[in-house]
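> Here's a structure for you.
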Amino acid sequence: MKNNKVSYFSSIIKGAVILSVLILIAGCSKNIQYETLENMVANAKSKVSTIAVEDYKAISEHDGNYEIIDCRQADDFIKGHIPGAINIQRGILEFSDKISNRRTKIFVYDYSDDCSALCAETLLKLKYHDVTMIENGWKGWSKTYPEIFETGAGTSDNESSPKKEEESGGCGG
């Protein structure tokens, strides 16, 4: 009789553990749907920090401890980009190994704001802690500082990748 009670309670505990794990997994995934692209971009913009191009320029002159990501197409990046920027296109941001330290401050820009807002939001979802979108992006930069830009492909993919931090795993990682 004692073995039946132990087995019964063991089954209840196993069931409770399995149910708890399923609830935890279900709580980690969110399926958000948007009526329009404009709604999706507006939602992303509401979640990310922004900085004016003038304020970014001041930071770039005094603090080199950050990354700047240009999320435009490679051809446009080669023609001209903000000095020091690395090109990681919006469609491959999640798969890029050009950045890996989630504690490094990151600035993001594109032509204006829409794509960079989506990129910044994606980086936040990937648990990068300090992500800021440069307002008005390349259009704002090239209008305000038309003489300050770099051309070319920038950092080669043949150079060694930055050291990757250990993965923390889990939803709250």
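The values are calculated or read from the model by the stated rules, or taken from the named source; none is laboratory data. Worth saying up front: this structure is predicted, and the values here are computed from it rather than measured. Backbone-built Cβ (ideal geometry, glycine too); neighbour counts: all protein chains shown.
> In segment 100-110, what residues are assigned to a strand (DSSP E or B) and of a type outside the set (Ser, Thr, Tyr)? Don't jump to the end; show me each part of the working.
Step one: of segment 100-110, the residues assigned to a strand (DSSP E or B) are 105-109.
Scanning segment 100-110 gives 105, 106, 107, 108.
> Evaluate the following for residue 142: is it hydroxyl-bearing (Ser, Thr, Tyr) and either free of Cβ contacts under 8 Å to residues at least 12 places away in the same chain or part of a loop (DSSP other than H, G, I, E, B) (or both)?
No, not satisfied.
> Ok, one more. Looking only at segment 40-99, filter to residues that are basic (Lys, Arg) and outside any helix (DSSP H, G or I); which one of those is nearest to residue 120 (Cα to Cα)?
Here the answer is 72.
> Of all residues in segment 35-50, which are surrounded by 12 or more Cβ atoms within 10 Å (Cβ to Cβ) and either free of Cβ contacts under 8 Å to residues at least 40 places away in the same chain or polar (S, T, N, Q) (or both)?
If the condition is that a residue be surrounded by 12 or more Cβ atoms within 10 Å (Cβ to Cβ) and either free of Cβ contacts under 8 Å to residues at least 40 places away in the same chain or polar (S, T, N, Q) (or both), then 42, 43, 50 are the ones that fit.
> Take the conditions of a type in the set (D, E, K, R), exposed (fewer than 14 other Cβ atoms within 10 Å of the Cβ) and at pLDDT 90 or above and apply them to residue 147. Does it pass?
Numbers: of a type in the set (D, E, K, R): yes; exposed (fewer than 14 other Cβ atoms within 10 Å of the Cβ): yes; at pLDDT 90 or above: yes.
Judged against the criteria, residue 147 is a match.
> Also, I was wondering about something else. Out of the residues in segment 74-95 meeting the condition of being loosely packed, with under 15 Cβ neighbours inside 10 Å and within 19 Å of the chain's Cα centre (by Cα), tell me which one is nearest to residue 114 (Cα to Cα).
Selected residue: 91.
> Go through segment 51-72 and give me each residue that's under 15 Å from residue 139 (Cβ atoms) and either at pLDDT below 95 or surrounded by fewer than 16 Cβ atoms within 10 Å (Cβ to Cβ) (or both).
Across segment 51-72, the qualifying residues are 52, 54.
> Looking only at segment 111-122, which residues are within 8 Å of the chain's Cα centre (by Cα) and crowded, with 22+ Cβ neighbours inside 10 Å? Break it down stepwise before answering.
The first filter runs over segment 111-122 and keeps only residues within 8 Å of the chain's Cα centre (by Cα), leaving 119-122.
119, 120, listed by residue number.
> Next up: Before we move on, is residue 74 touching a residue at least 40 places away in the same chain (Cβ under 8 Å) and under 26 Å from residue 42 (Cβ atoms)?
The answer is no for residue 74.
> Can you pull out every residue in segment 94-124 that is over 20 Å from residue 72 (Cβ atoms) and modelled with pLDDT under 95?
100, 101, 102, 103, 104 - these are the residues of segment 94-124 that are over 20 Å from residue 72 (Cβ atoms) and modelled with pLDDT under 95.
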